[in-house]
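Read through the structure below, which is laid out as structure tokens, and then see the notes.
The values are calculated or read from the model by the stated rules, or taken from the named source; none is laboratory data. This is a predicted model, so every value here is computed, not measured. Cβ placement follows ideal geometry from the backbone for every residue including glycine, while neighbour counts extend to all protein chains displayed.
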Amino acid sequence: MELPKSQTRIMHRLKTRGPQSVKILSKQLDMTTMGVRQHLMDLESKGFIRQTQEERQTRGRPVHLWKLSAKGHGQFPDTHSQATLELIDVIRSSLGGEALDRLIDSRSEKIEAHYREQLSQAETGLQQQIECLAQLRSDEGYMAEVRLLPDGWMLIENHCPICAAAESCQQFCKSELDSFQRLFSGIASVTRTDHLLKGARRCAYKITAY
């Protein structure tokens, strides 16, 4: 379903920043609170968002937050999910789980080689390489971004375009982490801090220079 531009912006904000209040959305998107409320009510009626439980404040009234529903998350594409799941089932049933893992690792190695080539053309600084990787991941649909931390960087993937496949075979997730660790081997450590398949709303990786 194609949504109005303002509603698309709200959906994108909820996807990348998690649950938000009307006041925060109004400020971030430069819209009136009344306008935001109208869009939120319309999105709720379409089943794309829902309210969370009240967030207790130290002072004043509780604040209601809005978040994407399962249908709302479905607005962000999962690349060829059904065909991928069918292929995974065929490979697993005919060749076995170990063969499937090897195929996924082979796929990851090819992707990693592409990343390595692109990172080698980026500026030599670690931050520039992380930002280059984030752009490559965004080009693939991961809605990636980089945030600076006091002791490193956070590579955040706000969307997983292969989520259905990863749920069916978590070797995808393992191979992804292994690839990131090899890309920065010798210069930085990479640890996964948020994992979509473990209940987080996104995947995130902390990268710390040695």
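Summary table below
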| read-out | value |
| --- | --- |
| Filter result (in a loop (DSSP other than H, G, I, E, B) and on the phi > 0 side of the Ramachandran plot) within region 114-157 | GLY141, MET143 |
| Check on LEU183, of a type outside the set (Gly, Ala, Ser), under 21 Å from GLU109 (Cβ atoms) and either more than 14 Å from the chain's Cα centre (by Cα) or not assigned by TED's automatic domain parsing to the domain that holds LEU85 (or both) | yes |
| GLN181, sole failed condition from (1) in a strand (DSSP E or B); (2) surrounded by fewer than 17 Cβ atoms within 10 Å (Cβ to Cβ) | (1) |
| Residue ranges of helices (runs of 4 or more DSSP H) in region 33-113 with at least 2 members more than 30 Å from GLN181 (Cα to Cα), at pLDDT 90 or above and of a type outside the set (Phe, Trp, Tyr) | 33-45, 81-95 |
